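Have a look at the structure below, then the notes.
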Amino acid sequence: TSTKTYQPQTTQLTKKETMASTKLQFNTFDAFEDAGDGVGPSASEKVHVRVQQRSGRKCITTVAGLADDLDIKRICKAFKRNFSCNGAVQKDEESGEVIQLSGDQRTNVKAFLVDQEICHGDSVVLHG
């Protein structure tokens, strides 16, 4: 009665084959793809929607970065009508005209801009 132990056969890869297989793995992944060379909008084309805390529970939603060819006052009027809130258009040196809305309207603003095809969904950035 002889007992044999089972030993699986392993294949030995040469050093050259190992380097080739690792090289293939690194070629499929580009770590710098999102560095600005992609097809997405650049930082200057993004619409930034922020919320700023005022006093207590009160807050203000600001919308900055809308294109210059848009009628900002008309968009602010539509925001006020659809969201039942107060709003104003303020001039800013850095970002041009900024819409201020009372209350936290971040998700409403993004949904409105995408539904009305004013901006693409990936160009609207929600902060806060």
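Size descriptor for the range 61-115, Kirkwood hydrodynamic radius: 11.2 Å (Cα pairs only, one decimal).
Which of the GluC sites (Glu not before Pro) across the range 60-100 are loop residues per DSSP, with 13 or fewer other Cβ within 10 Å? The qualifying sites are GLU93, GLU94.
Note the full-extension length gain between GLN53 and THR107 as 0.36 nm times their separation in residues minus their Cα-Cα distance, in nm to one decimal. Numbers along the way, then the final one.
Numbers: separation 54, 0.36 × 54 = 19.44 nm, distance 1.65 nm.
In short, 17.8 nm is gained.
Taking ILE72, ILE60 and ordering them by how much accessible surface each has at a 1.4 Å probe, largest first, produces ILE60, ILE72.
In whole percent, and with a 1.4 Å probe on the protein chains, what portion of the accessible area of the range 49-128 is carbon and sulfur?
Result for the range 49-128: 42 percent of the exposed heavy-atom area is carbon or sulfur.
The range 45-94 and the range 103-128 have Cα centres spaced 11 Å apart.
Based on Cα contacts under 8 Å between residues 6+ apart, the range 56-128 shows a relative contact order of 32 percent. Heavy-atom accessible surface of HIS120, to the nearest 10 Å², is about 140 Å², with a 1.4 Å probe and all protein chains retained.
The values are calculated or read from the model by the stated rules, or taken from the named source; none is laboratory data. Note that the structure is a prediction, hence the values are computed from the model and not measured. Using ideal geometry, Cβ is built from the backbone for each residue, glycine included, and neighbour counts are taken over all protein chains shown. Surface accessibility is based on the protein's heavy atoms, side chains included, excluding ligands, DNA and RNA. Shrake-Rupley method; radii C 1.70, N 1.55, O 1.52, S 1.80 Å.
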